[in-house]
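For reference, the structure discussed in these notes is given below.
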Amino acid sequence: AQSVTQLDSQVPVFEEAPVELRCNYSSSVSVYLFWYVQYPNQGLQLLLKYLSGSTLVKGINGFEAEFNKSQTSFHLRKPSVHISDTAEYFCAVKAGTYKYIFGTGTRLKVLA
Amino acid sequence: SAVISQKPSRDICQRGTSLTIQCQVDSQVTMMFWYRQQPGQSLTLIATANQGSEATYESGFVIDKFPISRPNLTFSTLTVSNMSPEDSSIYLCSVEDLGGLGDTQYFGPGTRLTVL
């Protein structure tokens, strides 16, 4: 069965510092991977996705993620965070036709 | 990408009542999805809704509790029936874009439901 693990439930980081949010997956089929962001009291917004091709994927708001097949990881990174990046971040894998598995989320808190 | 709206954005309801949530998409889509996000938790798929046929429910969710309508290719409703405080959650509608850029799900803003 496919699954997604986000090891960190909360990540505090100071403004302008770099951040990495970790995501590991298990999948026995072709892997489609996603990162979504959820700002307070809002729905989910797609940050970036990996479907095929280059393993380094760039998304919106300066975020990027690297697909690592050997380590079954898809970690999200940003070199310098802003207060406005404070949100919940969800990693997801497409697990079949019309089926997506979401991780438990990582709450990023950017400190002034 | 699709633009998705939901109504209501939030509601506070009494135990035993029902609430219908509407989801509108700005383009025609084959499949629409309904998720539940309980407080502090991740998303759980309730059901997928294909226009013209009955919704397909995930394990643990039943039609009597969560009836879904899908009258056309741009609209769906989810009803939360006979509510209890355990139904307090965010309910999210989503669609899958199978366009040239590949498979991706896009989400509405959610409906925040509190049951007293």
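The values are calculated or read from the model by the stated rules, or taken from the named source; none is laboratory data. Being a predicted model, the structure only gives us computed values, none of them experimental. Because the Cβ atoms are built from the backbone with ideal geometry, glycine has one as well, and the counts that use them run over all protein chains shown.
Report yes if A:Gln71 is in a strand (DSSP E or B) and at pLDDT 90 or above, otherwise no. So A:Gln71 fails the test. Summed over segment B:81-116, the residues that are under 10 Å from the mean Cα position of the chain (by Cα) and under 18 Å from B:Cys13 (Cβ atoms) give a count of 5.
Counting only residues that are in a loop (DSSP other than H, G, I, E, B) and either of a type in the set (S, T, N, Q) or loosely packed, with under 11 Cβ neighbours inside 10 Å (or both), which one in segment A:40-61 is farthest from the other protein chains (Cβ to nearest Cβ)?
Let us first name the residues in segment A:40-61 that are in a loop (DSSP other than H, G, I, E, B), namely A:40-43, A:51-55, A:59.
This time we only want the ones that are either of a type in the set (S, T, N, Q) or loosely packed, with under 11 Cβ neighbours inside 10 Å (or both), so: A:40-42, A:52-55.
Numbers: A:Pro40: 11, A:Asn41: 7, A:Gln42: 6, A:Ser52: 8, A:Gly53: 10, A:Ser54: 14, A:Thr55: 16 Å.
Across segment A:40-61, the extreme among qualifying residues is A:Thr55.
Given the condition more than 20 Å from B:Asp103 (Cβ to Cβ), in a loop (DSSP other than H, G, I, E, B) and of a type in the set (Val, Ile, Thr), answer yes or no: does some residue in segment A:80-91 qualify? Checked against the condition, which is being more than 20 Å from B:Asp103 (Cβ to Cβ), in a loop (DSSP other than H, G, I, E, B) and of a type in the set (Val, Ile, Thr), segment A:80-91 yields at least one hit.
Looking at segment B:1-24, which of the residues that are among the basic types (Lys, Arg) and either surrounded by 15 or more Cβ atoms within 10 Å (Cβ to Cβ) or assigned to a strand (DSSP E or B) (or both) is nearest to the other protein chains (Cβ to nearest Cβ)?
At the first step, the residues of segment B:1-24 found to be among the basic types (Lys, Arg) are B:7, B:10, B:15.
Of the ones still in play, those that are also either surrounded by 15 or more Cβ atoms within 10 Å (Cβ to Cβ) or assigned to a strand (DSSP E or B) (or both) are B:7, B:10.
Values: B:Lys7: 13, B:Arg10: 8 Å.
Among them, the one singled out is B:Arg10.
Pairing each residue of segment A:35-49 that is in contact (Cβ under 8 Å) with a residue 40 or more places away in the chain with any residue that is surrounded by fewer than 18 Cβ atoms within 10 Å (Cβ to Cβ) and assigned to a strand (DSSP E or B), provided the two are 6+ apart or on different chains, yields C-beta distances under 8 Å for A:Tyr36/A:Gln45; A:Val37/A:Gln45; A:Gln38/A:Gln45; A:Tyr39/A:Gln45.
With among the basic types (Lys, Arg) and more than 13 Å from the chain's Cα centre (by Cα) as the only criterion, which of A:Lys109, A:Lys49, A:Lys78 stands out? Before the answer, list the steps.
On the way: A:Lys49 fails: more than 13 Å from the chain's Cα centre (by Cα); A:Lys78 fails: more than 13 Å from the chain's Cα centre (by Cα).
Selected residue: A:Lys109, the only one of A:Lys109, A:Lys49, A:Lys78 that is among the basic types (Lys, Arg) and more than 13 Å from the chain's Cα centre (by Cα).
Quick check on segment A:92-112: of everything there that is assigned to a strand (DSSP E or B) and of a type in the set (A, V, I, L, M, F, W, C), which residue is nearest to the other protein chains (Cβ to nearest Cβ)? Quick ask: steps written out before the conclusion?
Let us first name the residues in segment A:92-112 that are assigned to a strand (DSSP E or B), namely A:92-96, A:99-102, A:106-111.
Applying the additional criterion that residues be of a type in the set (A, V, I, L, M, F, W, C) yields A:92-93, A:95, A:101-102, A:108, A:110-111.
Values: A:Ala92: 8, A:Val93: 11, A:Ala95: 10, A:Ile101: 9, A:Phe102: 5, A:Leu108: 15, A:Val110: 19, A:Leu111: 21 Å.
The residue in question is A:Phe102.
Condition test on A:Gly103, is it surrounded by fewer than 16 Cβ atoms within 10 Å (Cβ to Cβ), of a type in the set (Gly, Ala, Ser) and within 14 Å of the chain's Cα centre (by Cα)? In short, no.
One residue alone among B:Leu78, B:Leu113 is touching a helix residue (DSSP H, G or I) at 6+ places or on another chain (Cβ under 7 Å) and either at pLDDT 95 or above or aromatic (Phe, Trp, Tyr) (or both), and that residue is B:Leu113.
Annotation: of all residues in segment B:41-59 being within 9 Å of another protein chain (Cβ to nearest Cβ) and closer than 19 Å to B:Pro109 by Cβ, the one that is modelled with the lowest pLDDT is B:Gln41.
Please return the ranges of strands (runs of 3 or more DSSP E) entirely within segment B:25-113 where 2 or more residues are small (Gly, Ala, Ser). Walk me through how you get there before you give the answer.
On the way: elements: B:31-37, B:43-50, B:68-72, B:75-80, B:89-97, B:104-107.
Answer list for segment B:25-113: B:43-50, B:89-97.
Out of curiosity, is B:Val95 surrounded by 14 or more Cβ atoms within 10 Å (Cβ to Cβ) and either within 14 Å of chain A (Cβ to nearest Cβ) or of a type in the set (D, E, K, R) (or both)? So B:Val95 fits the description; yes. A:Phe34 meets the conditions (1) touching a Cys at 6+ places or on another chain (Cβ under 9 Å); (2) farther than 26 Å from B:Gly108 by Cβ; (3) within 12 Å of chain B (Cβ to nearest Cβ) in every case but one. The failed one is (2).
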